[in-house]
Amino acid sequence: MFRTKLILSLLLLFLSFSVSSQEKYNNDLLNSELNKKMLKFKDEINFKKAQQFFFQKNWDSTLVYSMKQLNSGKVKELKDYCHFLRGSSFRELKLFEEAKKEFNLLSKEFILYPLVYNNLGIISLELKDFKKSIYYFNKLEQLSDKDQKKYYIKSLHENLGVCYLHLNKFSQAETYFLKSSEILKLEKDTISLIGSYNNIANLYYQQYKDNLAIPYFEKAYLLSAKVKDFEVKRQTAKNMSVVEENRNNFKAALTYRKESEQWKDSLNNQNKIWAVADFEKKFAVAQKQKEIKVLQVENKLKNTQRNSLFFSAVGLLLILTGGVYLYAQKVRNGKTILRQKNKLDELNATKDQLFSIVSHDLRSSVNALKTSNAKLSATLETKNYDELSHLIIQNSGIANGAYSLLDNLLHWALLQTKQLYFHKESVHLHSVIQQIEYNYKPLLVDKSIDFENLVSKNIFLFVDLDSLKIVFRNLLDNAIKFSNENGQIKFLSNDLDSDYCQVIIQDTGIGMSEKTITELLQEGELLAKKGNSEIIGTGLGLQLCKQMIAKNNGTFTIESEPNKGTKMIITLPKNK
């Protein structure tokens, strides 16, 4: 399968036929013939405009004026030329069926009829009618070498090779490709030769003749250093990357891949420079037009001095309108600033609340650890090992709580500042929960809590793995924290449909009231309380869970009653 994908990639990159390399020469030949006709028929304006627009590559206008010439019924001698211009324009516009109709209307007496065969062959190749394309190209092949050079049909052998390659006739394809490459080497047409080498390499690659294919890919890559075409350089480097990947030489493949991306960036920069130059050109023309208009206005003003009062009134009205507009803009800006200030105040209040809560919890944890360590020092002197064991476990719990708080704070800060790396992939749900269970095994054993992973082993989610682990760790940590000894915690799954799946974390702990659930589910709520107003925690972990579930296109709900346990229900997308 991997090999097949690589071959398809190479086909997309390099299996192409040659058109643009010969267009300039064909156009020169056509232009020469058209100019002869223009000298002979000076009064045919429509034909003249069709010719001009054709060489300006304004295909739509070419179609309009060539049709006007045909409809006029004048000068039947120009009929074939008009059909040729129309066929070529339709081909450039990718309207291949219309182009075929126009070329088929030309008479065999047309002086440039070999170019008709060439166009029909290229159109058939575009339409993937390879047998028809071979038919037309064979017509050109029957021409003498002198006529082939006259019409400059240099891509004939390359295009025939492409046709036979698509028909899996590798022997014929090889013959034409090699003949084409030899001609291109003699003519020193480097860019076309690169394309030819790539086609030969792809021919061998399709037949799994890697030892023959790879030298041609390397030749194409080395030749690309001699051309200035960034796209050619990018493609040859990318092709070498694919070849090296297939050879399991991933270091070399990475080098070529980086080079390909660099040429891609260079190509983008070049396009930007051209775009800027074009913009500057248009801007200069606009400025000149503006200056001309200003001069025209000034001349009109000089000739209409008696209307000066009217223009003064107009100017005053414009000033008044501008003043009103500026005032309205000022009011609008003021409202915007006020809204931003209110939002900033709200964010600052949230930040202050967060710092207050976190500092309180950290201070409590550190103070508890300090007190416990003092007891630990005293107990060491009495050598009361049972008490020592109890205090060490207590210290570990306090340290773990403080670490969890800091870990959640770090991830919350990264998420708020959009610095958290986030990559969705296919994740096996059952395996992730097994790993989380292993991490929390000491806490589960310490409280004698029975843990069950009842999630289906056939479920794969499309989520970010790290954020999913953070969500499960926080929810399992809360379930352990608020479960009594000898309690029970379960992870369950429920298939909703082909797109989404529910993951349920169920415990037999102390539960919570509807009011507490509502507070926890509110956006930005950082503090939750028990019924006795004793602080449970910051709520930061749960807010972090909600935001990460949302980034994974999921939803989160809570079902609970006091002293009857809690269900945390997460809905997440499946991998398709």
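Computed from the coordinates by the stated procedures, all read-outs in this text should not be read as laboratory data. Values in this document were obtained by computation on a predicted structure and should not be read as measured data. Neighbour counts are summed over all protein chains in view; Cβ atoms, including those assigned to glycine, are modelled from backbone coordinates with ideal geometry.
Data overview
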{"read-out": "Residue exposure sequence - 512, 38 - by fewest surrounding Cβ within 10 Å", "value": "38, 512"}
{"read-out": "Stretchable slack from residue 231 to residue 343, in nm (0.36 nm times residue separation minus alpha-carbon distance)", "value": "35.5 nm"}
{"read-out": "Of 36/128; 57/264; 131/258; 36/57; 36/139, pairs whose Cα-Cα distance is over 29 Å", "value": "36/128; 131/258"}
{"read-out": "Peptide ranges 193-206, 65-78, 311-324, 465-478 listed from the most packed, as the mean C-beta count within 10 angstrom indicates", "value": "193-206, 465-478, 65-78, 311-324"}
{"read-out": "All-pairs Cα distance distribution in the range 11-231, expressed in whole percent, bin size 10 Å", "value": "8, 31, 31, 20, 8, 2, 0"}
{"read-out": "Likely footprinting exposure, 423, 166, 157, fewest C-beta neighbours within 10 Å first", "value": "423, 166, 157"}
{"read-out": "Taking the range 148-234 and dividing mean pair separation by its residue count, relative contact order in percent (alpha carbons under 8 Å, at least six apart)", "value": "21"}
{"read-out": "Counted charge near residue 233, where neighbours are those whose Cβ lies closer than 12 Å (Asp, Glu -1; Lys, Arg +1)", "value": "0"}
{"read-out": "Volume of the Cα convex hull of the range 85-131, divided per residue and given in Å³", "value": "66"}
{"read-out": "Per-residue Cβ neighbour rank within 10 angstrom, fewest leading, 49, 300", "value": "300, 49"}
{"read-out": "Among 129-136, 565-572, the order from most to least packed when residues are scored by Cβ within 10 Å on average", "value": "565-572, 129-136"}
{"read-out": "Radius of gyration, Dmax [the range 422-573; alpha carbons; angstrom]", "value": "14.9, 44"}
{"read-out": "Label-point separation, residue 314 to residue 297 (7 Å along Cα→Cβ), nm", "value": "0.9"}
{"read-out": "Long pairs among 37/185; 447/567; 185/233; 94/226, criterion Cα-Cα beyond 27 Å", "value": "37/185; 94/226"}
{"read-out": "Karplus-derived 3J(HN,Hα), 6.51/-1.76/1.60, for each residue of the range 449-465, Hz, glycine and proline x", "value": "8, 7, 10, 10, 9, 9, 6, 4, 7, 9, 9, 10, 9, 9, 9, 7, 4"}
